[in-house]
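*Asks:* Mind having a look at this structure? Questions to follow.
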Amino acid sequence: MIVVTGATGNVGRELVRTLVAAGEQVIATSRRITDTDVPEGVRPMPADLTDAESLRRVFDGADGLFLQNGGPSAHLLSPQDILDVAKAAGIGRVVLLSSQGVATRPQSPSHGETVRVIEDAVRQSGLHWTILRPGGFHSNAFAWAESVRGRRAVAAPFGEVGLPTIDPADIAEVAATTLRGAEHTGRVYELTGPSLSTPRQRADAIGDALGEPVRFVEQTRDEARAQMLQFMPEPVVDTTLDILGEPTPAEQRLSPDVERLLGRAPRSFADWARRHVSAFR
């Protein structure tokens with residue numbers, strides 16, 4: 001039995017489907033999960049990473065755990081407390097969805113430093129562990145859905161700066177592989193897409209999927225910052241803009257790990273856009 005935390009998110013939802021297709025028994029959990037959020041045969045169990053008692057109910061009888069890092073602004077139990085509950089319940093293997101920022105922005109409280117604490121707890125937990133470090137997600141483009149639907153336009157800064165964003169479905173397939181294979185114990189995998197893509201190119205790919213042009217509007221850093229501050233904490237906004245505007249060589253490096261693990265190249269942003277075009281119509 002495998003517990004998937006964050007099971008209603010972009011990665012967790014795909015992971016539940018992938019594990020079920022592979023014949024695994026799955027408990028899907030998030031704060032407000034219901035039967036409508038999961039495939040037939042999957043147990044949805046609401047739980048909160050701030051509440052040890054709710055986690056005990058979910059973890060009981062499981063042997064594997066997919067743990068999301070919770071994001072830079074999450075308020076969790078201490079990572080050690082979560083892992084102690086998992087061990088007491090009989091879980092022996094944990095796969096952590098971490099962040100590329102642990103390696104590329106280690107001094108950033110919002111991207112590297114906080115998540116490093118969770119990674120360290122996983123390494124010291126006594127469980128069989130694997131750590132996944134993706135960069136940006138293709139699905140971040142969902143933030144453009146309203147403007148594409150209403151105006152056939154995308155507004156973003158740094159229109160010509162490329163990053164190797166990754167499809168959440170690829171992260172899910174890697175997570176399923178590592179949850180089911182002991183040979184991945186003690187490994188850290190960097191997960192990227194197959195190529196660098198710029199915001200302008202991603203807007204064009206959405207237009208191609210729709211069959212009509214999507215106009216790209218270049219924002220200044222200040223314009224983007226003001227918009228992002230409406231829903232993100234200031235330290236997260238500033239580091240995110242640094243990554244988007246002046247990525248380090250490591251943040252633009254293409255990792256071979258997805259292809260090594262899955263035996264195929266990672267999916268492109270254009271493929272993601274075609275599969276999710278209904279969000280932009």
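*Asks:* Could you check segment 214-241 and list, in sequence order, the residues that are part of a loop (DSSP other than H, G, I, E, B), of a type in the set (A, V, I, L, M, F, W, C) and more than 22 Å from Gly193 (Cβ to Cβ)?
*Replies:* Residues satisfying the conditions are Leu229, Phe231, Met232.
*Asks:* Would you mind telling me which numbered condition in (1) more than 20 Å from Asp63 (Cβ to Cβ); (2) surrounded by fewer than 17 Cβ atoms within 10 Å (Cβ to Cβ); (3) at pLDDT below 95 Gly181 fails?
*Replies:* Condition not satisfied by Gly181: (1).
*Asks:* Please go through (1) open to solvent by 60 Å² or more (accessible area, probe 1.4 Å); (2) touching a strand residue (DSSP E or B) at 6+ places or on another chain (Cβ under 8 Å) for Pro247 and return the number of the only condition it doesn't satisfy.
*Replies:* Tallying (1) open to solvent by 60 Å² or more (accessible area, probe 1.4 Å); (2) touching a strand residue (DSSP E or B) at 6+ places or on another chain (Cβ under 8 Å), Pro247 fails exactly one: (1).
*Asks:* For segment 186-213, give me the residue count where each residue is assigned to a strand (DSSP E or B) and surrounded by fewer than 19 Cβ atoms within 10 Å (Cβ to Cβ).
*Replies:* Counting residues in segment 186-213 that are assigned to a strand (DSSP E or B) and surrounded by fewer than 19 Cβ atoms within 10 Å (Cβ to Cβ) gives 2.
*Asks:* Considering only residues that are of a type in the set (Asp, Glu) and closer than 13 Å to Phe158 by Cβ, look in segment 214-244 and name the one that is least open to solvent (accessible area, probe 1.4 Å).
*Replies:* Per the criteria, the residue is Asp242.
*Asks:* Ok, one more. Cβ-Cβ below 7 Å, separation at least six or inter-chain, first residue in segment 265-281 and under 12 Å from Pro168 (Cα atoms) and hydrophobic (A, V, I, L, M, F, W, C), second assigned to a loop (DSSP other than H, G, I, E, B) and modelled with pLDDT of 95 or more: which pairs?
*Replies:* If the second residue must be assigned to a loop (DSSP other than H, G, I, E, B) and modelled with pLDDT of 95 or more, the pairs left are Phe269/Thr165; Phe269/Gly193; Trp272/Asp167.
*Asks:* Something else about it: Any idea how many residues of segment 16-29 are open to solvent by 10 Å² or more (accessible area, probe 1.4 Å) and among the hydrophobic types (A, V, I, L, M, F, W, C)?
*Replies:* Result for segment 16-29: 3.
*Asks:* Continuing with this model, one more query. Exactly one of these conditions fails for His138: (1) open to solvent by 20 Å² or more (accessible area, probe 1.4 Å); (2) within 24 Å of Leu241 (Cα to Cα). Give me its number.
*Replies:* Against the list (1) open to solvent by 20 Å² or more (accessible area, probe 1.4 Å); (2) within 24 Å of Leu241 (Cα to Cα), His138 comes up short only on (1).
*Asks:* Looking at Arg105, Arg133 in this structure, which one is among the basic types (Lys, Arg), crowded, with 16+ Cβ neighbours inside 10 Å, touching a His at 6+ places or on another chain (Cβ under 7 Å) and on the phi < 0 side of the Ramachandran plot?
*Replies:* Arg105
Yes/no per residue for (1) in contact with a strand residue (DSSP E or B) (Cβ under 8 Å, 6 or more places away or on another chain); (2) in contact (Cβ under 8 Å) with a residue 24 or more places away in the chain; (3) closer than 20 Å to Gly245 by Cα:
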residue: Trp144; (1), (2), (3): yes, yes, yes
residue: Asp167; (1), (2), (3): yes, yes, no
residue: Ala182; (1), (2), (3): yes, yes, no
residue: Thr192; (1), (2), (3): yes, yes, yes
residue: Ser195; (1), (2), (3): no, yes, yes
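*Asks:* Hey, among Arg32, Arg56, Arg13, which residue is modelled with pLDDT of 95 or more and open to solvent by 60 Å² or more (accessible area, probe 1.4 Å)?
*Replies:* Going through Arg32, Arg56, Arg13 in turn, the sole match is Arg13.
The values are calculated or read from the model by the stated rules, or taken from the named source; none is laboratory data. Keep in mind it's a predicted model, so treat the numbers as computed, not measured. A quick note on method: Cβ atoms are made from the backbone with ideal geometry, for glycine too, and the neighbour counts reach across all protein chains shown. Each accessible area value is taken on the protein alone, full model and side chains, heavy atoms only, with ligands, DNA and RNA left out. Shrake-Rupley method; radii C 1.70, N 1.55, O 1.52, S 1.80 Å.
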